[in-house]
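Input: a single structure, listed below in structure tokens.
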Protein chains: 2
Amino acid sequence: MNFSSTLLENAVNEISQLPGIGKRTALRLALHLLKQPKENTFNLAKTLEKFRENIIFCENCNNISDTPKCEICKNPNRDENVLCVVEDIRDVMAIENTGLYKGYYHVLGGVISPIEGIGPQDLAINLLIERVSNSNIKEIVFAFSTTMESETTLFYIHKKLSHHDTILFSTIATGIPIGNDLEFADEMTLGRSIMKRVPYQNSTS
Amino acid sequence: MNFSSTLLENAVNEISQLPGIGKRTALRLALHLLKQPKENTFNLAKTLEKFRENIIFCENCNNISDTPKCEICKNPNRDENVLCVVEDIRDVMAIENTGLYKGYYHVLGGVISPIEGIGPQDLAINLLIERVSNSNIKEIVFAFSTTMESETTLFYIHKKLSHHDTILFSTIATGIPIGNDLEFADEMTLGRSIMKRVPYQNSTS
């Protein structure tokens, strides 16, 4: 690209560092900022700086938080018997949005991925092991994706925790998404959902 | 969305103000910044602030520029007989990338659009009229899109300038894009390209 301004060029280069944003989109965003009042850009810049400077990870569950302990860990009304292990902060938000889970969480911060150079030491796995040892947790739910990396991570963590005989380990159910046509489901999902079929329950009974 | 952190929530709200970026994408971008060194976010924020604070519009052609006169207007080796009127800064960049145009530019900064409340006074039209009056321009090329708003703008500007008898007014050619299959061209483009057919020139002759 042929920029008439180095200020614009620098802005486009910085914006296009963000994932999924190419140079053309970055240019569109920069020109959008230019059409808006200066305050909008300054607010954006200040908010990002403040966010990056001050955000911390919950010392208990590794969720992002404004305080040393996150809002969920601070809530005494949740079910302390159940711990849900997730890969990412977004998974906590997704599960919280269902309103159906009342236990606590543990955020790994990713999955083991040799290709991307992410090993167990890069994730909050030791924090999890320590946390489980010092608690009376009765069930650990692994709410992971169904990728190869996630299954490896699940296998690894389970091995590290399996000596806790009193803990029930579970994974979230895989199967056909509600509202989806059967014919559009991939073979693996459909195959698993047949193998893991469940007894029919009449919802009126 | 259920945020565990107001800092994150603020960041997501600010990022999702940008056009084409929804809350989910904003969250992905914010979490990406969190995984990168703090300096990356600070550089992004500072570059945007500097860009918005210091960028100016060329006093001659309304292109964005680091200096009162842009690099193109400052270049004495370009063809001063031809002036290309474009809607947007991006159009200048696109035409410059072809390397086939050697005249100067005039950037309107948009098109007349009553629906969006953009009138002639919001565009650099008076600057153009003044500029043309004080020059010896021989040809004005309108390099506009083929939307209704662009054609209205073209009509308006041409009317304002048509008393300059010595100036040739032209528009860029419309037709079938090079490399495109004829069958995929829309009817209007194909229709126009038949009506505006040009004599065949053997490129070896």
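The values are calculated or read from the model by the stated rules, or taken from the named source; none is laboratory data. The model shown is predicted, which means the values in this text are computed figures rather than measured ones. Positions of Cβ are backbone-derived with ideal geometry, glycine not excepted, and every protein chain shown enters the neighbour counts. Heads up: the accessible areas ignore ligands, DNA and RNA and are worked out on the full protein's heavy atoms, side chains in. Shrake-Rupley method; radii C 1.70, N 1.55, O 1.52, S 1.80 Å.
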- prompt: Do you know which residues across the stretch A:86-101 are closer than 16 Å to A:Cys58 by Cβ and either of a type in the set (A, V, I, L, M, F, W, C) or open to solvent by less than 20 Å² (accessible area, probe 1.4 Å) (or both)?
  reply: A:Val86, A:Ile89, A:Val92, A:Met93, A:Ile95
query: So which pairs qualify, if the first residue must be in the stretch B:145-160 and closer than 22 Å to B:Pro177 by Cβ, the second must be open to solvent by 80 Å² or more (accessible area, probe 1.4 Å), the Cβ gap must be under 8 Å, and the two must be at least 6 apart or on different chains?
result: B:Leu154/B:Thr171
task: Could you list all residues from the stretch B:116-136 that are outside any helix (DSSP H, G or I) and within 24 Å of B:Pro76 (Cβ to Cβ)?
output: B:Ala124, B:Asn134, B:Ser135, B:Asn136
message: Of everything in the stretch A:84-100, what is without any contact (Cβ under 8 Å) to a residue 40 or more places away in the chain and under 17 Å from the mean Cα position of the chain (by Cα)? Give them in sequence order.
response: A:Asp88, A:Ile89, A:Arg90, A:Val92, A:Met93, A:Ala94, A:Glu96, A:Asn97, A:Thr98, A:Gly99
- request: Would you check if there is a residue in the stretch B:36-49 being crowded, with 17+ Cβ neighbours inside 10 Å, in contact with a helix residue (DSSP H, G or I) (Cβ under 6 Å, 6 or more places away or on another chain) and modelled with pLDDT under 95?
  value: no
statement: Residue hits (the stretch B:102-136; within 18 Å of B:Asn81 (Cβ to Cβ) and either within 12 Å of another protein chain (Cβ to nearest Cβ) or open to solvent by less than 10 Å² (accessible area, probe 1.4 Å) (or both)) are B:Gly103, B:Tyr105, B:His106, B:Leu128, B:Val132
query: Do you know which residues across the stretch B:54-68 are open to solvent by 40 Å² or more (accessible area, probe 1.4 Å) and either more than 7 Å from chain A (Cβ to nearest Cβ) or over 27 Å from B:Val107 (Cβ atoms) (or both)?
result: B:Ile56, B:Phe57, B:Glu59, B:Asn60, B:Thr67, B:Pro68
- request: Mind counting the residues in the stretch B:158-174 that are farther than 22 Å from B:Arg197 by Cβ and within 17 Å of the chain's Cα centre (by Cα)?
  value: 0
- request: Looking only at the stretch A:10-19, decide whether some residue is at the interface with another protein chain (Cβ under 7 Å from one of its Cβ atoms), open to solvent by 30 Å² or more (accessible area, probe 1.4 Å) and within 23 Å of B:Cys58 (Cα to Cα).
  value: yes
- prompt: Hey, among the residues in the stretch B:137-191 that are in a helix (DSSP H, G or I) and of a type in the set (Lys, Arg), which one's most open to solvent (accessible area, probe 1.4 Å)?
  reply: B:Lys159
